[in-house]
Amino acid sequence: MLTIFGYPVQALLSQATLGLINGAFYALLSLGLAVIFGMLNIVNFAHGALYMVGAFVTWGLLNYLGISYWAALIIAPLIVGAFGVVLEKTLICRLYKLDHLYGLLLTFGVALIIEGLVRNGYGSSGVPYAAPAALQGAVNLGYMRLPLYRLWVLIAATVVCLGTWLVIEKTRLGATLRAATENAPLVQAFGVNVPRMITLTYAAGVALAAFAGVLAAPMSSVNPNMGSIVIIVVFAVVVIGGMGSILGSVLTGFALGMIEGATKVFYSQGSGVVIFVVMVIVLLTRPAGLFGRAT
């Protein structure tokens, strides 16, 4: 058996593959955070809670209305996005001219309220959600048997991340949105409804979190704590990539997922902190992040 530094190549490839799938979740969640911060300048700590809500909406659509997983991929993000519109119109809109700390504290409080309500309704242990029949089974990669659903997660997350980046960076809509964040009065003078655009941007950011929640539902128990478990890691990913950098967040998410997977082979005890070690090193050398711009 081939080895690298005394470790089997098969184990390294297996963990790198699983790390890439975890990285897809990091990338998708950090993408929504980066969109909201980069376009609206709001640190959205409620992102993890809305990711969890996306998973619970998916479960509820199936168990209460009989709506399948495939339909939930569209419906759940729309529902959570609509909630994001209400949240932005009632609370977030009051914070745009204030320090980032106010947005952080407000969205942290919103996250606690959401998690508390869900925990009160469904308990802490969570509820199961089975993968659709078409995505059950496994694919033989030669060095491991990869569950088909995990392969689907990797493909879906990659497509959504790439599509979002293309819309923001390569389309007229994205150019208008970026211009509105720099000089809203000038853009509004050209007939663009900037407040509505900002509202829809926040809704799109939280819809991305909900989409990640739909993908996560069949992979683990749908429970109220799933958002709080992952949000700290996702914030670290955004900081490393550069706050507000769309491409930086996506690339960093995938890369850190693979680093985390490789660490499980070489030094399993450090896999839970390796991302934060990388964050410290990056902040010491590049305070604006790998892809961020110093201000």
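Overview of results
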read-out: Extreme residue, nearest to residue 13 (Cα to Cα), among residues of the range 119-140 that are open to solvent by 50 Å² or more (accessible area, probe 1.4 Å) and not in a loop (DSSP other than H, G, I, E, B); value: 140
read-out: Verdict on residue 171 being of a type in the set (Val, Ile, Thr) and over 25 Å from residue 15 (Cα atoms); value: yes
read-out: Residue in the range 106-115 that is open to solvent by 20 Å² or more (accessible area, probe 1.4 Å), part of a loop (DSSP other than H, G, I, E, B), over 21 Å from residue 212 (Cα atoms) and in contact (Cβ under 8 Å) with a residue 12 or more places away in the chain present; value: no
read-out: Hey, residue 157 open to solvent by less than 50 Å² (accessible area, probe 1.4 Å), among the hydrophobic types (A, V, I, L, M, F, W, C) and in contact with a Gly (Cβ under 6 Å, 6 or more places away or on another chain) or not; value: no
read-out: Failed item, numbered, when residue 97 is tested on (1) open to solvent by 20 Å² or more (accessible area, probe 1.4 Å); (2) at pLDDT 95 or above; (3) under 27 Å from residue 244 (Cα atoms); value: (2)
read-out: Test: residue 275 is open to solvent by less than 10 Å² (accessible area, probe 1.4 Å), among the aliphatic types (A, V, I, L, M) and touching an Asp or Glu at 6+ places or on another chain (Cβ under 8 Å); value: yes
read-out: Output for the range 251-272, where each listed residue is touching a residue at least 60 places away in the same chain (Cβ under 8 Å), touching a Ser or Thr at 6+ places or on another chain (Cβ under 7 Å) and open to solvent by 10 Å² or more (accessible area, probe 1.4 Å); value: 260, 264
read-out: Failed criterion for residue 45 (all others in (1) of a type outside the set (Val, Ile, Thr); (2) assigned to a helix (DSSP H, G or I); (3) open to solvent by 10 Å² or more (accessible area, probe 1.4 Å) hold); value: (2)
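The values are calculated or read from the model by the stated rules, or taken from the named source; none is laboratory data. In this text, all values refer to a predicted model and were calculated from it rather than measured experimentally. Here Cβ is always computed from backbone atoms with ideal geometry, including for glycine, and neighbour counts include all displayed protein chains. Remember, those area values only see protein heavy atoms, side chains included, never the ligands or the DNA or RNA. Shrake-Rupley method; radii C 1.70, N 1.55, O 1.52, S 1.80 Å.
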